[in-house]
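*Asks:* I have a structure here, written as structure tokens, and I will follow up with some questions on it.
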Amino acid sequence: MVIFAPNFSKEFPEYLQIIHMSERFKFFFRNLIKGLLYLGLLILLFILARNSMDAEQIAWLAPVYTNPTLVYIIFIVSEVVFGIIPPEVFFIWALREESVSYYITQVAILAAISYAAGIIGFFFGRYLNKTILYRWLRRRFLGKYQEKLRDYGFFLVLVAALTPVPFSAIAILTGAVGMSPLKYMLWSLARFLRFGVYAWFIWQANMV
């Protein structure tokens, strides 16, 4: 008996496109929810720490806390090395002056640093993808995102800009596969949106 098995890729291309778009948005919202849950946990810990700890208990942090240059250097290293410290931790640092203008300025500087780190990563991938370092990074950290990049294209850059998916890692991959620098820079501008929204939530939590 011959069973008829339709070729959906030929007969129903619109159907397959809808499924593909659905998978994209599932991936996006799954990671967005992870990011929001982490943000909620961080805000809760911040409020608890603020209400239960005094200045003497955190005095050992003063050499770092009161040195913006050192904080920027730590943040730059973190963003280049795939976001080892979540940016939201630095938003809490930016609350130290309790000034809206100071806070906005610091968050804008941090967003610009993160955006620039992505561009550096993109051009690293574009021009140094034949090096031993790149091959090691691909084997250890980047490989699991290669298939997603092939399936989602620049949409993956948007997901990385807005969610906990490693922003610099995706930047390196997009550069390595030869994607357009201009398109990368445009899609990655969403990084500023994430920083603005998350920073607003943390500022509101500080007002509680």
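The values are calculated or read from the model by the stated rules, or taken from the named source; none is laboratory data. None of the values given here were measured: they were computed from a predicted structure. Glycine gets a Cβ as well: all are built from the backbone with ideal geometry, and neighbour counts include every protein chain shown. Only protein heavy atoms, including side chains, enter the accessible area calculation; ligands, DNA and RNA are left aside. Shrake-Rupley method; radii C 1.70, N 1.55, O 1.52, S 1.80 Å.
*Asks:* Can you send over the carbon and sulfur percentage of the accessible area for the stretch 68-208, probe radius 1.4 Å, protein chains only? Let's see the in-between values first.
*Replies:* Numbers: 4610 of 6800 Å².
Of all accessible area on the stretch 68-208, carbon and sulfur atoms account for 68 percent.
*Asks:* Using the per-residue mean of other Cβ atoms lying within 10 Å as a proxy for protection, in what order, highest first, do the peptides 135-145, 152-162 fall? Write down the numbers at each step before the final one.
*Replies:* On the way: 135-145: 14.0, 152-162: 21.5.
Going from most to least packed, we get 152-162, 135-145.
*Asks:* If I stretch the segment between Asn206 and Ile132 completely, what's the gain in nm (0.36 nm per residue apart, minus their alpha carbon distance), one decimal?
*Replies:* Working: separation 74, 0.36 × 74 = 26.64 nm, distance 4.53 nm.
Value of the extension gain: 22.1 nm.
*Asks:* Rounded to the nearest 0.05, what FRET efficiency do Phe141 and Ile73 have when you use their Cβ-Cβ distance and R0 = 22 Å? Don't skip to the end; give the middle numbers.
*Replies:* Working: r = 22 Å, r/R0 = 1.00.
E(calc), rounded to 0.05, equals 0.50.
*Asks:* Please work out how much accessible surface Lys26 shows to a 1.4 Å probe, ignoring ligands, DNA and RNA, in Å² rounded to 10.
*Replies:* 130 Å²
*Asks:* Please compute the contact order of the stretch 136-184 in relative form: average sequence separation of alpha-carbon pairs under 8 Å and at least six residues apart, divided by the residue count, as a percent. Working shown, then result.
*Replies:* Numbers: 26 pairs, mean separation 17.3, N = 49.
Worked out over the stretch 136-184, it gives 35 percent.
*Asks:* Simple spin-label model, 7 Å along Cα-to-Cβ: Leu45 to Glu98 in nm?
*Replies:* Going by the 7 Å Cα→Cβ label model, 2.4 nm.
*Asks:* Another one. Tell me which label goes with the value of semi-axes √(5λ) of the Cα gyration tensor in Å computed from the coordinates here: (1) 38, 21, 14; (2) 67, 20, 14; (3) 22, 19, 18.
*Replies:* (1)
*Asks:* Ranked by accessible surface with a 1.4 Å probe, highest first, in what order do Ser99, Ser114 come?
*Replies:* Values: Ser99 40, Ser114 0 Å².
Most to least solvent-accessible, the answer reads Ser99, Ser114.
*Asks:* With a 1.4 Å probe and every protein chain left in place, work out the accessible area per residue of the chain in Å², rounded to a whole number. Intermediate values should be presented prior to the final figure.
*Replies:* Details: 12390 Å² over 208 residues.
Solvent-accessible surface per residue comes out at 60 Å².
*Asks:* Let me ask you something else. Local charge sum around Ile172 (other residues, Cβ-Cβ under 11 Å, Lys/Arg +1, Asp/Glu -1)? Walk me through the numbers on the way to the answer.
*Replies:* Details: positive: Arg126, Arg138; negative: none.
With Lys, Arg at +1 and Asp, Glu at -1, the net is +2.
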